[in-house]
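Have a look at the structure below, then the notes.
Each reported figure results from applying straightforward, stated rules to the coordinates on display, with no laboratory input. Nothing here was measured: the structure is a model prediction, and the numbers come from that model. Here Cβ is always computed from backbone atoms with ideal geometry, including for glycine, and neighbour counts include all displayed protein chains.
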Amino acid sequence: MLSYRHAFHAGNHADVLKHWLLVECLSYMNQKDKPYWYIDTHAGAGAYKLDNAMTSGKSEYASGIGKLWAKCPAPLREYLNIVKAANDSPNLRHYPGSPMFANSLLREDDKAYLYELHPQDFKLLGHNFAKNRQVKVQQQNGFDGLIALLPPAPRRALVMIDPPYEQASEYAAVVKTLQAAIKRFATGTYVVWYPLINSAQRQSNKQGEAQKMTEQLKNLSKDWLDVRLLVGDASTFNGMYGSGMFMLNPPWTLKAELEKHLPELSRLLGGEAGSYNIAAS
Ligand SMILES: C[S@@+](CC[C@H](N)C(=O)[O-])C[C@H]1O[C@@H](n2cnc3c(N)ncnc32)[C@H](O)[C@@H]1O
């Protein structure tokens with residue numbers, strides 16, 4: 001069941017979009033002097049070695065952070081600084097996962113709750129945050145863990161939902177979980193990552209599932225934002241030609257930021273084929 005390992009994909013174009021927006025959202029949360037919780041339902045290992053046996057030969061990071069490492073656009077500087085802090089040399093060898101990005105931005109009174117089911121990644125995650133009393137790591141289904149936590153004690157939270165989508169049922173699980181979450185805590189910021197996969201080359205219809213999921217999520221709040229970053233042509237690209245981030249109650253400044261900076265980022269990551277799409281309520 002749990003065959004997905006994020007180490008194979010760490011730092012790819014989808015991670016750049018996901019983690020840049022995570023940094024933007026948390027920086028926005030930090031503008032207010034009131035604590036919050038960061039809840040990561042699918043945390044992964046927390047940090048990745050790009051030159052280990054698992055990732056070498058695949059080099060997915062070359063499609064993402066590899067293209068920004070030497071020359072990064074100014075608006076992604078805060079994101080890049082966190083990646084740089086994870087590397088102790090000018091060479092790109094390590095890439096932080098979502099928990100590590102978040103932890104870099106948490107303040108003294110903020111807390112993080114991380115869920116990871118895979119035994120090996122859970123072990124690595126625990127090791128990465130072993131001495132951190134602000135961070136609680138649990139080997140539990142993140143969908144259930146999230147619901148049990150809501151509403152958060154400080155009445156402020158950013159929730160990151162980043163499933164592997166290996167099973168088609170995960171799209172419906174995201175919708176069902178967010179329906180329950182928003183009932184318990186309507187004002188939270190919820191961020192859902194999803195892949196854009198060329199279904200013509202695949203057995204499953206992941207494209208259709210992602211589309212259905214985002215349509216259903218739009219009904220959950222009057223305030224939503226859906227951002228897609230494409231690095232290839234949807235009709236000809238073989239595999240994941242892009243990804244999206246769907247947000248409920250996003251920072252109100254984010255849409256304008258994205259409109260300003262996505263043209264350059266999509267060009268840097270996708271070249272001629274790079275493009276983006278922003279939809280909002
Ligand atoms: C895409 S990866 C997460 C990457 C991480 N969010 C990041 O950005 O660095 C998805 C992770 O979810 C884990 N997973 C799958 N189903 C889960 C579930 N129901 N609850 C918690 N973790 C799950 C997988 O083992 C995998 O490590």
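A few notes on this one:
- Where only DSSP H runs of four or more residues are counted, the chain gives -11000 deg cm²/dmol as its mean residue ellipticity at 222 nm, each run worth -39500 (n - 2.57).
- Sequence-separation-based contact order of the chain, relative, with Cα cut under 8 Å and 6+ spacing, percent: 20 percent
- The translational diffusion coefficient of the chain, from Stokes-Einstein at 25 °C and 0.890 mPa s with a Kirkwood hydrodynamic radius over alpha carbon pairs, comes to 130 µm²/s.
- Straightening the chain between GLU259 and ARG133 buys 41.6 nm, computed as 0.36 nm per residue apart minus the Cα-Cα spacing.
- Spin-label pair ASP223-ALA279: with each label point 7 Å from Cα along the Cα-Cβ axis, the two points sit 2.1 nm from one another.
- Difference of contour (0.36 nm per residue) and Cα-Cα distance, ALA234 to GLN120: 37.6 nm
- DSSP beta bridges confined to the chain are antiparallel in about 60 percent of cases.
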